[in-house]
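Structure first, then comments.
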Amino acid sequence: MSWKAGIGSTSAWGEAAYRQWEVSEFMSQEISRSDEWLAWLASPPGRYVLAWQQQLYDQAVADLFGFYAVQICTPGLDCLRANRMPNRIGAWLAGEFEPPACAGREDAAPHLQRVVFDEFEELPFATQSIDLVALPQVLEFSRDPHRVLREVDRVLRPEGRLLVSGFNPVSLWGARQILMRPFDRPFLPREGQFIGVPRLRDWFKLLSFEAERGRFGCYAPPCRTERWLQRMSFMEKAGDRWWPICGAIYFVAAVKRVTGMRLVGPVWKTARARRLPIAVASPPRVPLHRQAPGRRPASHGTEPLWSAGAARRRRTAQDERGEYM
């Protein structure tokens, strides 16, 4: 029986103690994950991945315009350096990564404004206030990646852009990570959870995102030394042609779509204008003595032909012509 099950029936003090222990365990895992991730990024395969991603982000953000762009920062990767928005923000996770400016580095990016937050799932930005969000390898190391996408959907404006990059499980790197994990020798950081592109597209459909384009890269085998990575550089062109979906890294660009609508108010019935009677001209009256012989006299006005007045006039006309019954 686990410790959590053992204290399940204890007092409120025991539950609070377990929560405190759970938080401390999570914080220790986060710190170790940060150290391992930083060490891997400084290694030859880490620099190889960062160089490929930097090239893709520079091409993607060059022609994106707006007012506010946000990057969830990854050490060694500046996703917004080729962008021309007036406000470019670098968001750093508190306790994990420190921005280069704080470390006193000379190559620190002066165009990025510093923002520190506690969790990937709770971004410190107003709703529909950001035009561009870059997530370089953020979903793999978050506790709830779908919630991260929901938070990005909240802060993005309609027609805002989302750029996501991460490790591809359908690759040589992903296969080695899965096969070597039981032997305690993973090639990538152990805490990372690979998210495939099909799953990412399904999450986009559940939210307001529409995937525009994607790209796979880093087709070299998982080598730990710079010498072997350079020897396998010929596989970049071969992999892009013969097995394009098996690159170690994927890059996906999406746009937030919001269905437009027009609010129509209640249509009130207006009182119809009162119709006035229209005068209709009646046919001119022809004297009876001028009518052609044998012609049936026309009715005058609205009087029917079989009325008593019409019969009397017919008899009078017959008497004048000398016609007798």
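As for the stretch 100-117, it holds no residue that is outside any strand (DSSP E or B), open to solvent by 10 Å² or more (accessible area, probe 1.4 Å) and at pLDDT 90 or above. Every listed requirement among (1) open to solvent by 100 Å² or more (accessible area, probe 1.4 Å); (2) modelled with pLDDT of 70 or more; (3) over 34 Å from the mean Cα position of the chain (by Cα); (4) of a type in the set (Val, Ile, Thr) is met by residue 225 save one, (1). Would you say residue 197 is at pLDDT 85 or above and either more than 28 Å from residue 155 (Cβ to Cβ) or touching a Lys or Arg at 6+ places or on another chain (Cβ under 7 Å) (or both)? No; evaluated as a whole, the condition is false for this residue. Take the residues in the stretch 118-129 that are part of a loop (DSSP other than H, G, I, E, B) and open to solvent by 50 Å² or more (accessible area, probe 1.4 Å); name whichever of them is modelled with the lowest pLDDT. Of everything passing the filter in the stretch 118-129, 118 is modelled with the lowest pLDDT. The number of residues in the stretch 40-82 that are among the small types (Gly, Ala, Ser), assigned to a helix (DSSP H, G or I) and in contact (Cβ under 8 Å) with a residue 60 or more places away in the chain comes to 1. Identify all residues within the stretch 45-75 that are under 20 Å from residue 173 (Cβ atoms), small (Gly, Ala, Ser) and surrounded by fewer than 17 Cβ atoms within 10 Å (Cβ to Cβ); write none if there are none. Result: 51, single match.
Please verify whether residue 132 is in contact (Cβ under 8 Å) with a residue 24 or more places away in the chain, open to solvent by less than 30 Å² (accessible area, probe 1.4 Å) and in a strand (DSSP E or B), treating the condition exactly as stated. When the stated conditions are applied, residue 132 passes them. Scanning the stretch 250-259 finds one or more residues that are within 20 Å of residue 71 (Cα to Cα) and either loosely packed, with under 15 Cβ neighbours inside 10 Å or of a type in the set (Lys, Arg) (or both). For the stretch 244-267, does any single residue satisfy the condition of being among the hydrophobic types (A, V, I, L, M, F, W, C), at pLDDT 85 or above, assigned to a helix (DSSP H, G or I) and at negative phi? Yes, that holds for at least one residue.
Pick from the stretch 145-180 the residues that are open to solvent by 60 Å² or more (accessible area, probe 1.4 Å) and free of Cβ contacts under 8 Å to residues at least 60 places away in the same chain: which of them is farthest from residue 211 (Cα to Cα)? It comes out as 179.
The values are calculated or read from the model by the stated rules, or taken from the named source; none is laboratory data. None of the values given here were measured: they were computed from a predicted structure. All Cβ positions, glycine included, derive from the backbone under ideal geometry; neighbour counts span all protein chains shown. All accessible areas refer to the heavy atoms of the entire protein, side chains included, with ligands and DNA or RNA removed. Shrake-Rupley method; radii C 1.70, N 1.55, O 1.52, S 1.80 Å.
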